[in-house]
Amino acid sequence: TLAIALNHVAKRYGATVALSDATFAVETGATHALLGENGAGKSTLVKILSGVVRPDAGEIAFFDRPVQLANREDSSRLGLETAFQEIPLVPDLTVEQNILLPDEPRKFGFLRDRRAARRRVAQVLADLQLHDIDPADEVRDLDLSVRQKIEIARAISRRPKILLLDEPSAALSSRDVRWLGDRIAALRSAGTTIVLITHRMQEVRDYCSALSVLRNGKHVGSFAAKDVSDAD
Ligand code: ADP
Ligand code: ADP
């Protein structure tokens, strides 16, 4: 089965064509790289799959079911979580609040049941080997690398069936890149479908079973990762 199927998806911003005809499929359980130059439409594709941006045309299916995504909660309900590059954590909130926010975005239940909230966040940070992160810290006071790590951890902690990572290692230190590699390996063994936007061929070789290339808003090809030579 296909975890994700995109058919003829198009999106413009005013006169700018971000995606002209994107057709893209991801096998269930794959770790699938999405490559392309700046401006190719990769982030737009991720935002469409997350429900943050609405396509002008085309169809989307998750696990062979057509979906209509009006907002981020819709994709979350269907088991898809995203670690964004450009849509950061909420800077005015603490790490703990950011991790809990998607659970009850409107009710702010974490403000009422403090003890349960603290327990859940401690569990999330321990499960993800983030012992060095203080849940009480305000996000605005943290380095970009720590924020990116928490953004990734927040997405993983929701136990998605499909995880979208938009350039997850862009701001990470080499130690944190190893942390990310361990997380990806664990998710892959658990059968999670992963879409990884990256510019780093090393990451494609290390983690990915397949890759797709976008150029000027069009899908130009998909390949098995084993068919991509080390020369690239
Ligand atoms: P990346 O290549 O990392 O995806 P871009 O440089 O394409 O990032 O875009 C950075 C941010 O600016 C994104 O949030 C994108 O949506 C926004 N953006 C890009 N181009 C424009 C534009 N012409 N007008 C307004 N916003 C834009
Ligand atoms: P990539 O992630 O591959 O760099 P993007 O999806 O960010 O590509 O951008 C695709 C095209 O759409 C680029 O030309 C970019 O400038 C444009 N674009 C992206 N977001 C916006 C936006 N919010 N407003 C206007 N143009 C945008």
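The values are calculated or read from the model by the stated rules, or taken from the named source; none is laboratory data. Note that the structure is predicted; figures quoted are calculated from it, not measured. Every residue, glycine as well, gets a Cβ built from its backbone with ideal geometry; the counts of neighbours run over all protein chains shown. For the accessible areas, the whole protein counts, side chains as well, though only heavy atoms, and no ligand, DNA or RNA atoms are used. Shrake-Rupley method; radii C 1.70, N 1.55, O 1.52, S 1.80 Å.
Going through the stretch 10-27 one residue at a time, which ones are away from ligand 1 (no atom under 13 Å from the Cβ) and under 15 Å from residue 212 (Cα atoms)?
Selection gives 21, 22, 23, 24, 25, 26, 27.
Could you tell me how many of the residues in the stretch 3-20 are open to solvent by less than 60 Å² (accessible area, probe 1.4 Å) and over 18 Å from residue 82 (Cα atoms)?
Qualifying residue count for the region: 6.
Does the stretch 152-167 contain at least one residue that is within 16 Å of ligand 1 (Cβ to nearest atom) and of a type in the set (S, T, N, Q)?
no
Would you confirm, using the coordinates I've provided, whether residue 227 is open to solvent by 50 Å² or more (accessible area, probe 1.4 Å), within 18 Å of residue 128 (Cβ to Cβ) and not aromatic (Phe, Trp, Tyr)?
Working: open to solvent by 50 Å² or more (accessible area, probe 1.4 Å): yes; within 18 Å of residue 128 (Cβ to Cβ): no; not aromatic (Phe, Trp, Tyr): yes.
No; evaluated as a whole, the condition is false for this residue.
Give 159, 215 a once-over and let me know the one that is open to solvent by 50 Å² or more (accessible area, probe 1.4 Å) and under 27 Å from residue 101 (Cα atoms).
Step by step, each of 159, 215 is checked, and only 159 is open to solvent by 50 Å² or more (accessible area, probe 1.4 Å) and under 27 Å from residue 101 (Cα atoms).
Can you tell me which of 176, 166, 206 is among the acidic types (Asp, Glu) and at pLDDT 95 or above? If you could, list the steps in order and put the result at the bottom.
On the way: 176 fails: at pLDDT 95 or above; 206 fails: at pLDDT 95 or above.
On inspection, the qualifying residue turns out to be 166.
Among 52, 46, which is the only one that is within 15 Å of ligand 1 (Cβ to nearest atom), aliphatic (A, V, I, L, M) and more than 29 Å from residue 226 (Cβ to Cβ)?
On the way: 46 fails: more than 29 Å from residue 226 (Cβ to Cβ).
Answer to the selection: 52.
Here are 5, 30, 40: which of them is within 8 Å of ligand 2 (Cβ to nearest atom) and under 17 Å from residue 196 (Cα atoms)?
40
Consider residue 86 carefully, then state whether it is open to solvent by 30 Å² or more (accessible area, probe 1.4 Å) and in a helix (DSSP H, G or I). Write out each step before concluding.
On the way: open to solvent by 30 Å² or more (accessible area, probe 1.4 Å): yes; in a helix (DSSP H, G or I): no.
When the stated conditions are applied, residue 86 does not pass them.
Filter the stretch 28-42 down to the residues that are open to solvent by 20 Å² or more (accessible area, probe 1.4 Å) and within 9 Å of ligand 1 (Cβ to nearest atom) and list them by number.
Residues satisfying the conditions are 37, 38, 39.
Could you figure out which of (1) among the charged types (D, E, K, R); (2) under 21 Å from residue 83 (Cβ atoms); (3) in a strand (DSSP E or B) isn't true of residue 47?
(3)
Among the candidates 43, 50, 76, which residue alone is touching a residue at least 40 places away in the same chain (Cβ under 8 Å), within 20 Å of the chain's Cα centre (by Cα) and farther than 22 Å from residue 211 by Cβ? Give the derivation first.
Working: 43 fails: farther than 22 Å from residue 211 by Cβ; 50 fails: farther than 22 Å from residue 211 by Cβ.
Result: 76 is the single residue among 43, 50, 76 that is touching a residue at least 40 places away in the same chain (Cβ under 8 Å), within 20 Å of the chain's Cα centre (by Cα) and farther than 22 Å from residue 211 by Cβ.
Which of the residues spanning the stretch 14-38 are in contact (Cβ under 8 Å) with a residue 24 or more places away in the chain and not aliphatic (A, V, I, L, M)? Walk me through how you get there before you give the answer.
First pass over the stretch 14-38, keeping only residues in contact (Cβ under 8 Å) with a residue 24 or more places away in the chain: 17-37.
Passing the criteria: 20, 21, 23, 24, 27, 28, 29, 31, 32, 36, 37.
Residue by residue through the stretch 178-205, note down the ones that are part of a helix (DSSP H, G or I), loosely packed, with under 14 Cβ neighbours inside 10 Å and not basic (Lys, Arg). Quick ask: steps written out before the conclusion?
Initially, the stretch 178-205 is screened for residues part of a helix (DSSP H, G or I), giving 178-189, 201-205.
Then drop every residue that is not loosely packed, with under 14 Cβ neighbours inside 10 Å, which leaves 178, 182, 185, 189, 202.
Passing the criteria: 182, 185, 189, 202.
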